[in-house]
Structure formats: structure tokens, C-alpha cells
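Asker: Just passing along the structure, written as C-alpha cells.
The values are calculated or read from the model by the stated rules, or taken from the named source; none is laboratory data. Note that the structure is a prediction, hence the values are computed from the model and not measured. In this analysis, Cβ positions are derived from the backbone assuming ideal geometry, glycine residues included, and neighbour counts consider all displayed protein chains.
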Number of protein chains: 2
Amino acid sequence: MNRAATIEDVAREAGVSRQTVSNVLNAPDVVRAQTRERVQAAIDLLGYSPHVAARRLRTRRSSTIGVHLDPYAGGISGVVLDRFVHALTERAGERGLRVALYAARTPEEEIRRMADLRDGAEVDAIVITGTFAGDPRTRWLLDHRVPFVSFGRPWGEDDYAEPAHLWVDVDGAAGTEQATRHAVASAGPRVGFLGWPEGSGTGDDRETGWRRSLPRGADAVRLVAPESVATAREVVADALAHHDLDALVCASDSLAVGAHLAAVTSGRTDLEVIGFDNTPAAEALGLSSVEQRPEDVASGALDLLMGAGSVIAPRAAEPGGAHVLVEPRLVVR
Amino acid sequence: MNRAATIEDVAREAGVSRQTVSNVLNAPDVVRAQTRERVQAAIDLLGYSPHVAARRLRTRRSSTIGVHLDPYAGGISGVVLDRFVHALTERAGERGLRVALYAARTPEEEIRRMADLRDGAEVDAIVITGTFAGDPRTRWLLDHRVPFVSFGRPWGEDDYAEPAHLWVDVDGAAGTEQATRHAVASAGPRVGFLGWPEGSGTGDDRETGWRRSLPRGADAVRLVAPESVATAREVVADALAHHDLDALVCASDSLAVGAHLAAVTSGRTDLEVIGFDNTPAAEALGLSSVEQRPEDVASGALDLLMGAGSVIAPRAAEPGGAHVLVEPRLVVR
């Protein structure tokens, strides 16, 4: 049969009325055992399943995870979040779940969208991304007992020992540590860092890994640029005129592309530049880069929400939480 | 009120029983007019709306559009489809619709996923992407009368005059025509084309625009490489040794990045290289590129499905169709 079996198909197959099939499904006690068995055999034969919306109404379960999707912002590193959404869709599909996307341009609008989804029992859980200190979304989700996990730590004081909610994140410091050790071994001890202006939790985390793995006595040359290829290029071109550098570990591939262009223009093709995010741009230019493993982040998010089971675990709606920290890996080119 | 109003809230506000509210909603004739008005006033005051799953069960409408999301394939041009998904989510949200993602690795698996969604009344319509000649998905969707639109033309004989189904696509030939005219004006008449091996409808379409806008008498130098930066680089490096070229129009940004790297290595920094897709990689390297306008593609898809209304139009489930062809634009750098 090409189309899904209907209740009428079952009735015809079993030689009973539509009402009798409905009774078997909803009030089996009123149906004679023999008839019940005949209807059940027809249901099994035809693979009939009651309408999903009806089942959803009974179980209040939608088998759907809501994910906010930002407007496309362009830029080199935007692909990381998209890779995460791809991976989440695949991994969720393997567990019998779907992913519903919703758009919102501000945290406040995102909260309104989440409230809509909750009110309509449209999703069983929500995945938020791009967390920041004092994030109003996590407060709202906790207050309303909506099961959720964040891609991004809470950026509070006790994220590890006593996390405020479930979260999964990438260990940025471990990534830049790998990058710095590699740069020291392959290019030399004078490894600088090109990061974003202070105040970004993600950026500060990535700087930490560089700082703690610098060789003893090495100058800690720290350069700063916003997430812009052109500005990074200017900053690095200027720095190369004033500092002796063997390598530059960067907080993102956008910064790394700018640094690479500055190195080429300054005749410093020997400068080892390492990026972060392992984007197609880094690959195209042959730059080494730290890979975030979005596929592992997606698996971690689902493990936190579901445990080993196939439904959202109760703790996903409770205050307090657990976390998964994904170890990134350096892709050497 | 922070949470959504429930049927109990309405009953309390109106001073009636829960059953009476339910009667007003489902069997208003059995309720006295005066009571009905009081309940309706409470419903309006509290902004109560019946459970979405219940409404869905009545209307068989989910206000959701299903979109298949490929596994992340990497590469420079993968971002175009992601931009389309971003734009579709936003535009759909403005029309009160959500986007549901599903994963599948083959057309056959995608058909099974679509069948699941249809059987469960989980989506009102489906958007398929990456159509090809003899695509089994369009056949299945037509046979089962599932409302759908494709991003990508049917690649049949009468796609324009008598399209087999609703489709939206980008006019690739118009894009390479713009690119070729620009290259002739800014670099010179000897404009080559770097495309994929034959047999790709998209690639052949893009080649057409270059071929028809070449200056009369100019040599039509056509180079071929698969979608690979490294191979494109080798092919162009070899070609530059044998042909006099002022510019190279490319079928993708991946090919353009390879061509650009070959030009730089061969000391031909004057060679004008133009890409297709306007990806972050082209932006980072300062290459001109044809922009597909995924936002316009998303709007076109929704216009075809919904017309000017807010529900899926009946024709979206009928054989025969209409199309929207989006004019791309050259971004000059």
C-alpha cells in the first residue's frame, strides 16, 4: 500500500464498522474478545498507527526538539553553527526525533518563540546556542521548567562543579593549547596570539590555552582585532613590523585569514598561522585550524537531554545540571 | 500571566465549569447565549487558544514546512543551502509557519522520511532541494498529492512553459552573463570559463551564460575541474601556460579560489577571476562573485506554496505548476 493505512482500511480488512475499530483503540472493554483480536490482526497487517496529532494529544509528546536559527550573518565562522544544526538533525533522526527551527532576532523575541512552542506542546525540549553571562533565555527556561540544553556554558562561577543547567561546550582552551604546542614545535617559541577584544567568554577561554602553553620566558605578544579579515590583516601587518614572531595562534579562522594575508604581503610566508573552527576558508588557504567537532557537540546535547533512552529525561527540566565538554582537535595542514 | 491560559483559567474567569467552556468551543448550540458570551469574553481577555495538537487534529494543519537537510559536506559552497534554510526559517516565521528539518542520506531514505511526515500530518508542505533529471522524490510527491515546491527546476523539457510542479531556481546563465560582461569591460575580451565536467544541469546552465556573452570572435577557452580547490588550481596553472587569458569566469567559488591561487603562483595577479555563490571564502580573498540571493529564493518558494495567503494553496498539491526564477547579481570586489 502506497499511502498510510486509515481507520477505514482497518475496518474493511477486519469486516467491522469504523466505530468498532475506534472502540478497540479507545474503549477495548466494550468490544468482544474475538472481534478485538480480528481488529488487532488487521491493524498489525496494515501497519496502521493512529494519527500522530491524536497520539501527541494523549501523550503530550511531540518527538521534536526546537532550535533557534539566527539570521544568516555571513562571515567565515558562521558555518560552525550550521554544522551543529546539520549534525543535530542527523543524530536526532537516529533517535526518532525531529528538529524544528524558529527564527528570532533578539533574546526577547526568542523567549516569545519558545513560549509559543511550549504553549502548543510543539517541542519536547529546546537547544539554545550562543549563551552569554546573564542570559535571559536560561532564566526563562528554568522558571518555566522547559527541558533544555545549551550549546555554550552558562558562563557563571560554578559551571563545572555545580552547573545551573545542562550544557555542552567545546574546550576552547584545550584547542589553543594544542595549537600553541604544535606551533612551538614546528615554527619556534615566539608564538603570539590574535584574539578578540576582551569581554567575550569564548575569546578569553581560547586565550587561556595559549597563555598556559607558551614556553617559559617567551614574550607573550597578544594582538587584538574584531571578527574582521580586513582589520586583522592591518593589525598583523603592523605587528610584524614591531615584533619577532614565529607563529600566530588565532581565536578564529576569520582572524587567521587576515593574519595569513598580512604575512604573505609582508614577505613572511614562513609565519605559521593557526586558526580556530576549521572552516572551508582555512582549508582553501591551507591553514591549520582547531576543529570544534560539532558532531560530538550534537551527540553530547542529545545524551544530556535523553540519557541512553529515547525520550527526554526528567532532569532536563530541573534546575541544576550536568555538562559535556568536547575536546577539539587540531587539523594540521 | 506568564504561562499560557488553560481551559481551567477560562472557566474560573467566566464562573462556569470546565465542561461548559469545552461545550462553547465544540458544541456552542447546547450553551445558552448569555453563558456563551461570558465564556467568549473570558477567552478574549485571557488570550486562550485551544491546544495546538487538538487544533491540528481538527484542521489537519500543522503550520509546518518540512525541509530535508543533507549531512554537512564541507566545502566552500555548502553555505548556499544553509543560507536558504536560514532565510526560509525567517520568512516562514513571518507568515506564522515553522520549519521542520529531517535527515536522509539518499533519495530513497528521503522519500521514507517524507512518507512519515505525511502519514503523521506533521507538515503542510515540503521543500525539496538539489533536484536532478528523473528525480524519484518529485514523482513520489506528485503521486501522493503532497504539497511541495523544489529549489531547483525539474530539468525536464517544459520546465518553463509547462512545469511539472512548483519550482523556484536561480537563473545561473543570467549570473555568468553578468560576470562575463563585467570581465570583458574591466579586464579584456579573452574570458575563459572554468566549469565542472558535463552532465550537471546547473553547470551547463552557468556555461550557457558565459558562452552567449563572449565577444564575437573571441576564443572560447573552456576548462574543466571537479568541485575541488586543489584540482582547479592545477588545471588553471596548466592552462595559463598555454592560453592567453584576461579573465576566468568560474562555475563556483571553490573553482574560483583554485584559479586565484594558480594565478598568484604564476605571477598572473592581473588575471580577473570571478566566482559563483558569493561565499565567505570569495569575500575573504577579495574575489568578485555571483550572489544567488537565497533570501529571494526562500520568498519565492513561500509565494508559490501560499500565494498571498497564510495557508498552503490547493495548487501546491496538484500536478502542473508555476515557477519563480530569481535573477542573481554580481558582487564586484
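Asker: Assuming B:Val311 fulfils every condition listed in (1) crowded, with 19+ Cβ neighbours inside 10 Å; (2) of a type in the set (A, V, I, L, M, F, W, C); (3) touching a residue at least 60 places away in the same chain (Cβ under 8 Å) apart from one, which condition is it?
Answerer: Looking at each condition in turn, B:Val311 falls short on (1).
Asker: Let me ask something else. Considering only segment B:155-194, state which residues are surrounded by 19 or more Cβ atoms within 10 Å (Cβ to Cβ) and within 14 Å of the chain's Cα centre (by Cα).
Answerer: B:Leu166, B:Trp167, B:Val168, B:Asp169, B:Val170
Asker: In addition: Out of segment A:112-123, which residues are without any contact (Cβ under 8 Å) to a residue 40 or more places away in the chain, of a type in the set (Lys, Arg) and facing another protein chain (nearest Cβ under 10 Å)?
Answerer: Within segment A:112-123, just A:Arg118 meets the criteria.
Asker: A:Val123 - would you say it is at pLDDT 85 or above, crowded, with 22+ Cβ neighbours inside 10 Å and outside the structural domain of A:Gly203 (by TED's automatic domain parsing)?
Answerer: yes
Asker: Can you say whether A:Arg211 is surrounded by fewer than 18 Cβ atoms within 10 Å (Cβ to Cβ), charged (D, E, K, R) and modelled with pLDDT of 95 or more, as far as the supplied structure shows?
Answerer: Answer is yes for this residue.
Asker: How many residues does segment A:36-69 contain that are at pLDDT 75 or above and within 18 Å of A:Leu117 (Cβ to Cβ)?
Answerer: Adding up the residues that qualify gives 8.
Asker: I'm checking my understanding of the structure. Among residues of segment A:126-154 that are more than 12 Å from every other protein chain (Cβ to nearest Cβ) and among the β-branched types (Val, Ile, Thr), which one is surrounded by the fewest Cβ atoms within 10 Å (Cβ to Cβ)?
Answerer: A:Thr129
Asker: Still on this structure, I have one more. Checking A:Glu109 against (1) in contact (Cβ under 8 Å) with a residue 60 or more places away in the chain; (2) within 14 Å of chain B (Cβ to nearest Cβ); (3) not aromatic (Phe, Trp, Tyr), which single condition isn't satisfied?
Answerer: (1)
Asker: Across segment B:74-106, which residue is farthest from the other protein chains (Cβ to nearest Cβ) among those that are over 27 Å from B:Thr202 (Cβ atoms) and in contact with a strand residue (DSSP E or B) (Cβ under 8 Å, 6 or more places away or on another chain)?
Answerer: It comes out as B:Leu97.
Asker: Residue check: is A:Arg206 surrounded by fewer than 21 Cβ atoms within 10 Å (Cβ to Cβ), basic (Lys, Arg) and either farther than 19 Å from B:Gly286 by Cβ or away from chain B (no Cβ under 14 Å) (or both)?
Answerer: No, not satisfied.
Asker: Right, another one. Just one of the numbered conditions (1) under 21 Å from B:Leu261 (Cα atoms); (2) in the same structural domain as A:Leu97 (by TED's automatic domain parsing) is not true of A:Val311; which one?
Answerer: A:Val311 satisfies every listed condition except (1).
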